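Asker: Attaching a single structure in structure tokens format; questions to follow.
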Amino acid sequence: MSAEYTSTALLEAGLRAFFRLAGEWRLSEAEQLILLGSVTTSELSKWRQGEIGSATTDTLERISYLLGIYKAIHTLLPNPVRANAWIRTANTAPMFHGTSALDRMLIGKATDLHAVRAYLDEQLG
């Protein structure tokens, strides 16, 4: 199996999961673009329609963080409604400064996605 095929298959699976997550979190197109990094509106539209081309390593890394965040939230809060609401709920943990995890992630840097993921991993123990 070639590295190109593996990357395409990985991207395709990651994007399918990302779009499910985006639906559950009710992410706007603008929020999706920020969370995925340097992605254009037309690229996002093509991906949504199943036209998978390529993505940067940064975008794949961001998808990985987001899927990990999703899984951690749903592990910590088994009720899907509560779990999906958590992402937009103001948080008193010092790293959030009274804002939500989504607000922190929408700063737009991969390091912010990593920080939220690390916070949740710590909560999981």
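The values are calculated or read from the model by the stated rules, or taken from the named source; none is laboratory data. Keep in mind the model is a prediction, meaning the values are calculated, not measured. Cβ sites come from the backbone with ideal geometry, for glycine too, and all protein chains shown count toward neighbours. Each accessible area value is taken on the protein alone, full model and side chains, heavy atoms only, with ligands, DNA and RNA left out. Shrake-Rupley method; radii C 1.70, N 1.55, O 1.52, S 1.80 Å.
Asker: Once neighbouring chains are kept in place and the probe is 1.4 Å, which whole percent of the accessible area of the chain is contributed by carbon and sulfur? Mind showing how you got there, number by number?
Answerer: Details: 3860 of 7010 Å².
Within the chain, the accessible surface is 55 percent carbon and sulfur.
Asker: In the chain, if the dipole is taken from +1 on Lys/Arg beta carbons and -1 on Asp/Glu beta carbons about the Cα centre, which of V39, F96, T56 is farthest to the positive end?
Answerer: The residue sitting most towards the positive pole is F96.
Asker: What whole-number value in Å² describes the accessible area per residue of segment 78-121 for a 1.4 Å probe? Mind dumping the intermediate values first?
Answerer: Numbers: 2370 Å² over 44 residues.
That works out to 54 Å² for each residue.
Asker: In a shell of Cβ-Cβ distance under 12 Å around L120, excluding L120 itself, what net charge do Lys and Arg (+1) and Asp and Glu (-1) give? Walk me through the numbers before you get to the answer.
Answerer: On the way: positive: K71, R104, R117; negative: D121, E122.
With Lys, Arg at +1 and Asp, Glu at -1, the neighbours total +1.
Asker: Counting only other residues whose beta carbon sits under 9 Å from that of L106, what net charge do I get with K and R as +1, D and E as -1? Intermediate results must be reported in sequence, preceding the final value.
Answerer: On the way: positive: R104; negative: E31, D103, D112.
Overall, the nearby charge balance is -2.
Asker: Provide the net charge surrounding L76, with neighbours chosen by a C-beta distance below 13 Å and charges set as Lys +1, Arg +1, Asp -1, Glu -1.
Answerer: Once all neighbours under 13 Å are counted, the net charge is +1.
Asker: Helix by helix through the chain, keep the DSSP H runs that span 27 Å or more along the axis on Cα and average at least -0.5 on Kyte-Doolittle, and give those back in order.
Answerer: Values: long enough: 3-24 (31 Å, 0.27); 57-76 (28 Å, 0.30).
Answer set is 3-24, 57-76.
Asker: Based on the Cβ-Cβ distance from L77 to E51, what FRET efficiency comes out when R0 is 41 Å, to the nearest 0.05? Walk me through the numbers on the way to the answer.
Answerer: Values: r = 34 Å, r/R0 = 0.84.
Between L77 and E51 the formula returns 0.75.
Asker: Only helical DSSP H runs with n ≥ 4 go in: add -39500 (n - 2.57) per run for the chain, normalise by residue count and round the 222 nm mean residue ellipticity to 500 deg cm²/dmol. Numbers along the way, then the final one.
Answerer: On the way: 7 runs with 85 residues, N = 125.
So the helix-based figure for the chain works out to -21000 deg cm²/dmol.
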